[in-house]
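Asker: I'd like to ask some things about the structure below.
The values are calculated or read from the model by the stated rules, or taken from the named source; none is laboratory data. What you see is a predicted model, and the numbers here were worked out from it, not measured in a lab. Note that each Cβ is placed from the backbone with ideal geometry, even for glycine, and that neighbours are counted across all protein chains shown. What goes into the accessible areas is simple: the full protein's heavy atoms, side chains included, and nothing from ligands, DNA or RNA. Shrake-Rupley method; radii C 1.70, N 1.55, O 1.52, S 1.80 Å.
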Amino acid sequence: MRSSFTSESCKESQLNSLNPQSWLQVERGKLSKLSFQSSTSPTSSSPSIESFIKVPEPPVQPFFKPGDYVEVLAQIHEELESCSPQERSNLYLFQYQLFKGLGEAKLMRRSLRSAWLKGSTVHEKLVFGAWLKFERQGEELISDLLVTCGKCAQESGPIDVSSDLDIDTSSSSRETASMMNGSHILRSVSFKIGDEKIVCDRQKIASLSAPFHAMLNGCFSESLREHIDLSENNISPLGFRAISEFSITGSLNEESPNVLLEMLIFANKFCCERLKDACDRKLASLVSSRDDAVELMECALEENSPVLAASCLQVFLQDLPDCLNDDRVVEIFSHANKQEKMIMVGPASFSLYCLLSEVAMNLDPQSDKTACFLDQLVGSAETNRQKLLAFHQLGCVRLLRKEYDEAERLFKAALDAGHIYSVSGLARLGRIRGHRLWAFDKLSSVISSGTPLGWMYLERSLCCEGDKRWEDLEKATELDPTLTYPYMYRAAALMRRQNVQAALAEINRILGFKLALECLELRFCFYLALENYQAAICDVQAILTLSPDYRMFEGRVAASQLRTLVREHVENWTTADCWLQLYDRWSSVDDTGSLSVIYQMLESDAAKGVLYFRQSLLLLRLNCPEAAMRSLQLARQHASTEHERLVYEGWILYDTGHCNEGLQKAEESINIKKSFEAFFLKAYALADSSLDPSCSSTVISLLEEALKCPSDRLRKGQFILGWPSLEKYSIFVFTVSNMFDRGEATVHEPRAPLCVGSFVGRMMNHLSFIIAFCNMLRS
């Protein structure tokens with residue numbers, strides 16, 4: 001969603017007159033001279049460069065951002081321990097929204113799964129199950145792997161709505177039964193349907209509903225008639241015969257959908273609740289396609305048939321996001337009134353429109369359907385938390401659509417409901433309308449009235465110029481170092497002042513711990529302007545590793561196209577050169593460089609399975625789980641042996657939360673061939689899947705076995721320092737320490753000075769250095 005919500009200035013600030021192909025010619029020697037001249041003054045830089053390095057303003061994010069995340073998360077945790085079962089799913093949904101604002105993908109998915117597990121109604125199970133399936137797009141392989149382990153991911157599968165959704169019809173049945181105690185005049189009755197007469201048991205038909213009982217046994221004239229004409233009630237002879245049969249047996253025979261629809265409408269008209277429920281469930285079991293669901297949903301909403309409506313809804317949700325390209329489906333969701341939403345999704349209306357809004361925003365945040373779904377979300381909000389989230393999200397979309405008056409109303413409503421971050425939307429609107437001073441004062445008031453946060457200073461900096469903006473951005477970085485815009489702005493400003501080294505140092509500050517695509521893109525632009533094409537291709541190859549379809553310059557140019565252009569101006573490396581470069585980059589802890597080299601090596605005939613696996617380990621350490629999973633799947637696809645493939649499958653399962661299944665794959669691999677990677681996977685999975693304290697000794701013995709297996713030292717080092725868990729790393733250190741005590745390992749003194757950076761880099765190259773590190777820890 002980050003790439004979808006772009007600010008208005010962003011669309012106009014870059015490449016106004018710049019065409020990358022026009023200045024980056026394919027032929028060597030035909031490049032426009034963009035490098036800075038040391039003798040020129042700061043005001044004489046090229047206009048192309050000036051427009052080239054402008055940084056777009058960050059968008060107002062459609063996320064819930066409280067003033068104190070810890071306080072709100074703790075509050076939700078307390079409420080989850082004491083709330084009723086009916087409230088838990090909504091609390092987990094709100095927890096999901098909190099983690100979304102933090103960008104914590106794994107925690108977001110965990111909250112969604114908890115919402116599904118704790119769902120108290122079929123509708124909640126249906127919505128959150130579909131949400132999990134949507135989040136797992138492209139992960140079909142994982143479901144297949146789970147099947148090979150004898151497990152199925154049930155939360156993503158369809159629900160048997162016709163069996164699982166309970167509708168209480170007992171009260172109407174008891175009421176009808178109590179009426180049957182009166183005197184009976186005639187035993188049979190003949191109903192005329194068109195030209196046909198259908199003889200029925202009078203009391204069986206009377207038992208279907210109170211209206212029929214009153215008609216056939218009460219004071220109406222039909223109680224004395226043997227023949228009653230029902231031709232004007234839109235029921236066919238075939239349909240009424242089925243109704244007569246149901247009145248006797250209490251069950252439906254196999255009927256066509258059209259006949260069942262007739263019976264449903266008739267049952268609803270004459271309040272035959274048992275018959276209606278039977279038809280409702282039977283029709284629900286027959287919904288198998290989107291066309292079926294569209295056709296039957298209309299009937300379900302008109303006839304108040306919740307089981308059929310839920311079954312149609314499930315078909316729509318299981319087909320996300322494709323079904324939102326169908327205008328018929330969008331029409332159903334966009335124009336459902338309160339009663340229709342209750343029929344369709346019961347009390348889970350807010351959850352449903354949260355899901356639909358998120359999917360629509362991912363497709364196009366400015367579309368009419370996105371706005372309609374968020375309008376429905378606002379209408380479905382009941383609690384204060386739900387309202388502030390809905391108001392803010394719709395405000396962000398109205399801002400993008402330049403519907404400023406409505407956006408202002410929504411941001412004010414969200415702010416009044418307690419969402420402090422919505423003040424950023426009001427400040428943006430103030431600046432758009434030329435009220436820059438008002439926006440500055442508004443943000444200053446927020447900063448002084450409570451605990452200041454990084455985004456507050458970032459927003460206020462947009463209302464300033466010169467030193468004041470720089471000062472606010474420095475404060476924003478101090479309070480929240482993860483914000484990318486301050487680094488990008490400062491780096492671009494320094495570059496415009498021709499302070500090249502300072503500009504690169506500034507952008508490298510954020511890239512040192514957060515591999516943000518927009519920051520890599522900006523540094524790529526710097527290197528192009530400096531005509532440092534070797535560094536430029538390194539960054540663009542890292543970008544393509546993270547996002548193969550990434551488009552640069554606000555989506556105008558594919559990153560792969562720019563790589564093709566730049567590559568013409570760099571020296572080609574042989575396979576041997578690539579391996580040397582990889583060891584060198586790994587030794588110096590140059591993760592971006594390592595990603596770039598691996599990307600280049602994958603174009604050769606090298607063993608791709610091992611390379612993709614190495615790539616996945618790097619990406620995991622860089623906290624890029626989605627890209628890491630993609631690399632793992634490619635590693636499995638290109639595995640050269642069976643035992644290697646099993647290891648990759650084990651890591652795929654482990655990284656998606658299936659520890660036991662990952663352990664199973666590790667054992668299968670070890671049974672075929674003992675390898676460092678398989679033992680390491682087994683140790684890793686066992687440490688996570690077992691709560692038994694005695695498990696640590698088993699983990700240590702597995703790591704000892706791993707260290708005895710042949711594998712290149714680079715891969716061993718990559719595994720070890722790629723471990724994100726300090727606890728697991730300490731187990732490894734303890735293992736190596738024990739080996740040292742037993743004389744199974746020796747200390748090699750490092751040749752370089754023992755500074756942290758160089759020493760850690762060398763540890764990754766030479767496993768023996770880790771032994772030295774253990775020795776240092778002891779002393």
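Asker: Using just the C-alpha positions of segment 366-496 as equal point scatterers, what log10 of I(q)/I(0) does the Debye formula give at each q in 0.13, 0.17, 0.21 1/Å?
Answerer: The Cα Debye sum returns log10 ratios of -0.59, -0.93, -1.19.
Asker: Here's something else I'd like to know. Please give every one of the aspartates and glutamates within straight-line cross-link reach of LYS197, meaning a C-alpha to C-alpha distance under 19 Å, and leave out same-chain neighbours fewer than 8 residues apart.
Answerer: Once the sequence-local aspartates and glutamates are set aside, what remains near LYS197 is GLU222, GLU226, ASP229, GLU232, GLU245, GLU262.
Asker: GluC sites (Glu not before Pro) within segment 574-643: which are DSSP loop residues with at most 10 other Cβ atoms inside 10 Å?
Answerer: Answer by residue number: GLU603.
Asker: Using the Karplus curve 6.51 cos²θ - 1.76 cosθ + 1.60 with θ = phi - 60°, work out ³J(HN,Hα) for each residue of segment 559-565 in order, rounded to whole Hz, and write x for Gly and Pro.
Answerer: Values, residue by residue: 4, 5, 5, 5, 4, 4, 5 Hz.
Asker: Within segment 249-272, find all residues whose amide N lies under 19 Å from a label point positioned 7 Å from the Cα of GLU302 along Cα-to-beta-carbon.
Answerer: Counting only backbone N, you get 256-272.
Asker: Another question, then. Over the heavy atoms of HIS569, what accessible area does a 1.4 Å probe trace out, to the nearest 10 Å²?
Answerer: Here the accessible area works out near 20 Å².
Asker: OK, next. Leaving out same-chain residues fewer than 8 places away, which lysines sit with a Cα under 28 Å from that of LYS151?
Answerer: Result set, ordered by chain and number: LYS106, LYS118, LYS125, LYS133, LYS665, LYS673, LYS674, LYS682, LYS728.
Asker: Can I ask one more? Return the loop-located GluC sites (Glu not before Pro) in segment 473-551 (DSSP other than H, G, I, E, B) with at most 16 other Cβ atoms within 10 Å of their own Cβ; answer none if there are none.
Answerer: Taking segment 473-551 and a limit of 16 other Cβ atoms within 10 Å, the loop GluC sites (Glu not before Pro) found are GLU531.
Asker: If Lys and Arg each add +1 and Asp and Glu each add -1, what is the summed charge of the other residues whose beta carbon sits under 14 Å from the beta carbon of MET263?
Answerer: Taking every Cβ under 14 Å from that of MET263, the sum is -2.
Asker: Also, I was wondering about something else. Can you spot the lysines whose alpha carbon is less than 23 Å from LYS475's alpha carbon? Ignore those fewer than 8 places along the same chain.
Answerer: LYS54, LYS65, LYS442, LYS514
Asker: Could you tell me the accessible area of GLU273 in Å² (1.4 Å probe, neighbours in place), rounded to the nearest ten?
Answerer: 70
Asker: At 7 Å along the Cα-to-beta-carbon direction for both HIS77 and ASP195, put a label point, then send me their distance in nm to one decimal.
Answerer: 7.8
Asker: A follow-up question, please. How much length, in nm to one decimal, is gained on full extension between SER84 and TRP470, taken as 0.36 nm per residue of separation minus their Cα-Cα distance?
Answerer: This chain segment gains 134.0 nm when fully extended.
Asker: Extension gain TRP573-GLU603, at 0.36 nm per residue separation less the Cα-Cα distance, in nm?
Answerer: 9.7 nm
Asker: Give the relative contact order (percent, whole number) for segment 572-718; include only Cα pairs under 8 Å separated by 6+ residues.
Answerer: Dividing the mean separation by the residue count of segment 572-718 yields 15 percent.
Asker: If I model a spin label at GLU135 and ALA105 as a point 7 Å from the Cα along the Cα→Cβ vector, what separation in nanometres do I get?
Answerer: Inter-label distance under the simple model: 1.2 nm.
Asker: Report the extension gain between GLN339 and ASN258 in nm, rounded to one decimal, defined as 0.36 nm multiplied by the number of residues separating them, less their alpha carbon distance.
Answerer: Computed gain between GLN339 and ASN258 is 26.6 nm.
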